[in-house]
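The values are calculated or read from the model by the stated rules, or taken from the named source; none is laboratory data. Since this is a predicted model, take the numbers as computed values, not measurements. Cβ atoms come from the backbone with ideal geometry, glycine included; neighbour counts cover every protein chain shown. When the accessible area is computed, the model is the full protein with side chains, heavy atoms only, and any ligands, DNA or RNA have been set aside. Shrake-Rupley method; radii C 1.70, N 1.55, O 1.52, S 1.80 Å.
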Amino acid sequence: MWGALLSILALASTFGLYEPAHAQVCGDADGNGTLTVTDGINVLRAAADLPSRCSFLICDVDGSGAITVTDGVNVLRGAAGLPNVCQGTLQPCGRVAGISCPTRQQCVDIPNDDCDPLRGDADCPGQCEPTSPRQCTVNSECPTVGAPCTLCADSSGACPISWCDQATGQCRVAFQRCPARSCAGFAGLPCPEGQQCIDDPRDACDPNAGGADCPGVCVL
């Protein structure tokens, strides 16, 4: 199945069926203001780790924290006029201009971009999301992800991880990439480029519950 999908995506690339994303419409990867099959191809390319200008703000349509085949399917459903999880227009917020969100919405940091306020970065762009009651204050309050880990070539396990986003009080899911890497802790280990360090919710050390020098994991 993947071989056929990659062949289709390669043809799409050859005929120039994708462009940089500019619009703030959920799933509108080419920025033309509407959902089309071309947008679905862009999202599927990103999910297959093929060259794509799909941004997480636009193409992580289900808010899972990663661009996946499920996102591509949702965009294709939207292009066909079928029910999907895209929520329409996404409004940017934050940055130096201090753009605020409408009533009953909050500004949250865009996951997986190169600007992370938890790393000390300033003026990071955000996106407006409906205000939700806080689900959690510590990682242990978030449910365990039932999906299995991937066994990497170096025998490490790359796992989906549920953690508490302190900025929003919401439980979120992040994904490790092979080879699975640790970060932070006493050694202050960094993550590879393109990944962020979050506290490892699977141990008993939680910096939001009084823990110090807690080890972390690198996630997408």
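Scanning for something at pLDDT 75 or above and out of contact with any Pro (no Cβ under 9 Å at 6 or more places or on another chain), does segment 83-99 turn up at least one residue?
No.
Going by the structure shown, is P201 more than 23 Å from C59 (Cβ to Cβ), free of Cβ contacts under 8 Å to residues at least 40 places away in the same chain, outside any strand (DSSP E or B) and of a type outside the set (A, V, I, L, M)?
Numbers: more than 23 Å from C59 (Cβ to Cβ): yes; free of Cβ contacts under 8 Å to residues at least 40 places away in the same chain: no; outside any strand (DSSP E or B): yes; of a type outside the set (A, V, I, L, M): yes.
No; evaluated as a whole, the condition is false for this residue.
Quick check on segment 154-169. Is at least one of its residues in contact with a strand residue (DSSP E or B) (Cβ under 9 Å, 6 or more places away or on another chain), open to solvent by less than 70 Å² (accessible area, probe 1.4 Å) and among the acidic types (D, E)? Can you show your working first?
Applying the first criterion (in contact with a strand residue (DSSP E or B) (Cβ under 9 Å, 6 or more places away or on another chain)) to segment 154-169 yields 157-165, 167-168.
Those left that are additionally open to solvent by less than 70 Å² (accessible area, probe 1.4 Å): 157-165, 168.
Next, from what is left, pick out any that are among the acidic types (D, E): 165.
Checking segment 154-169: at least one residue is in contact with a strand residue (DSSP E or B) (Cβ under 9 Å, 6 or more places away or on another chain), open to solvent by less than 70 Å² (accessible area, probe 1.4 Å) and among the acidic types (D, E).
Among the residues of segment 35-68, write down those that are assigned to a loop (DSSP other than H, G, I, E, B) and farther than 20 Å from Q127 by Cβ.
Correct list: T36, A48, D49, L50, P51.
Looking only at residues in segment 178-192 that are of a type outside the set (G, A, S) and buried (at least 17 other Cβ atoms within 10 Å of the Cβ), which one is nearest to P125 (Cα to Cα)?
Ranking the candidates gives C191 first.
Show the residue pairs meeting these rules: Cβ distance below 6 Å; 6+ apart or different chains; first residue within segment 56-75 and over 26 Å from C197 (Cβ atoms); second residue of a type in the set (S, T, N, Q) and at pLDDT below 80.
The qualifying pairs are N74/N84.
Only one of these is in contact with a helix residue (DSSP H, G or I) (Cβ under 6 Å, 6 or more places away or on another chain), on the phi < 0 side of the Ramachandran plot and not β-branched (V, I, T): Q170, Q176, Q127, Q166. Name it.
Just a single option satisfies the conditions, and that option is Q127.
Filter segment 164-177 down to the residues that are of a type outside the set (S, T, N, Q) and in a loop (DSSP other than H, G, I, E, B), then identify the one that is nearest to Q127 (Cα to Cα).
Step by step, filter segment 164-177, then rank; the result is A167.
Quick one: which residue in Q135, Q196 is closer than 28 Å to G94 by Cβ, open to solvent by 70 Å² or more (accessible area, probe 1.4 Å) and not aromatic (F, W, Y)?
It is Q135.
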